[in-house]
Amino acid sequence: MFVERLATHVNAAEHASPISSLSRRRAPFRSALCGVQSRLVEPRFFCDAMLGGLARWLRAAGYDAAFEQGIDDGVLVARAGESGRILLSSDGGIFERTVVREGRVRSLFVPRALGLSAQLRFVFGALSLSLLPPRCMNCGGALAVLTKDDARGEAPPKTLERIETFYRCEGCGKLLWRGSHWERITRVLAEAETAALTAAGRPDEPPRS
């Protein structure tokens, strides 16, 4: 699932960071993971200041992903540790901090050379993630299903003519719906899940509808 009013955030962020190959300076897989097992059940994340776009994609994939623009590295590490979230960062300096290096704050290094779609595939593959019911891409809130009648008076008239199911974010209260970008979003999310299946050595499964 995804929604039209949030897809513009994905488009703008992805154009700003085109997909590229892994950096030659990428840390070996084992050293890139600190205190994180390869298989986790619905983990929660805290993305650093460089990974705001990744946080939005993870929310679209159904994960609780926190992000604060301009957050101090020390505050980021402390909050990730206090909340039990996995720290996602492209800043090598963060991984030199004792609590991160020793695995007391679970973390994953995301290579800087990756674009947004590649970042998502990388995280899914490294942690063997699966797609979950989507969250609001703007705030990460859970989405409650609404009928067309529930959305009447708030959704644009033309949208009401062609959309049957709407969603209400339980966090920020926005009215959302599947829009014209749904096919592209579905493809990117399916590719990320395939990366996880491949990394885990499991046979490919058909994309989820």
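The values are calculated or read from the model by the stated rules, or taken from the named source; none is laboratory data. For clarity, every value in this text was computed on a predicted model and none was experimentally measured. For neighbour counting, all protein chains shown are included, and Cβ atoms are generated from backbone atoms with ideal geometry for every residue, glycine included.
Is at least one residue of segment 61-80 of a type in the set (D, E), under 12 Å from F46 (Cβ atoms) and in contact (Cβ under 8 Å) with a residue 60 or more places away in the chain? Checked segment 61-80: at least one residue is of a type in the set (D, E), under 12 Å from F46 (Cβ atoms) and in contact (Cβ under 8 Å) with a residue 60 or more places away in the chain. Comparison of S117, S89 shows that the only residue that is under 20 Å from A200 (Cβ atoms) and buried (at least 16 other Cβ atoms within 10 Å of the Cβ) is S117. Out of segment 67-86, which residues are under 25 Å from S130 (Cβ atoms) and crowded, with 19+ Cβ neighbours inside 10 Å? Scanning segment 67-86 gives F67, A80, R85, I86. Of the set (1) part of a loop (DSSP other than H, G, I, E, B); (2) closer than 20 Å to A126 by Cβ, all apply to W57 but (1).
The residue that is farthest from C136 (Cα to Cα), counting only those in segment 50-65 that are hydrophobic (A, V, I, L, M, F, W, C) and surrounded by 19 or more Cβ atoms within 10 Å (Cβ to Cβ), is L51.
Of all residue pairs spaced 6 or more apart or on separate chains, those with beta-carbon atoms under 7 Å, a first member in segment 148-174 that is closer than 21 Å to G62 by Cβ and a second member that is assigned to a loop (DSSP other than H, G, I, E, B) and polar (S, T, N, Q) are C172/N138; K174/N138.
Yes or no, residue by residue, for (1) in a helix (DSSP H, G or I); (2) under 24 Å from A78 (Cβ atoms); (3) in contact with a Pro (Cβ under 6 Å, 6 or more places away or on another chain):
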site	(1), (2), (3)
G103	no, yes, no
L108	no, yes, no
R121	yes, no, no
F124	yes, no, no
C139	no, yes, no
L146	no, no, no
I185	yes, no, no
L189	yes, no, no
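For the criterion of being at pLDDT 95 or above, closer than 17 Å to A126 by Cα, out of contact with any Cys (no Cβ under 8 Å at 6 or more places or on another chain) and of a type in the set (K, R), R79 fails.
Please tell me if F95 is more than 15 Å from A55 (Cα to Cα) and either in a helix (DSSP H, G or I) or free of Cβ contacts under 8 Å to residues at least 40 places away in the same chain (or both). In short, yes. Tallying residues that are surrounded by fewer than 17 Cβ atoms within 10 Å (Cβ to Cβ) and among the polar types (S, T, N, Q) within segment 160-189 yields 2.
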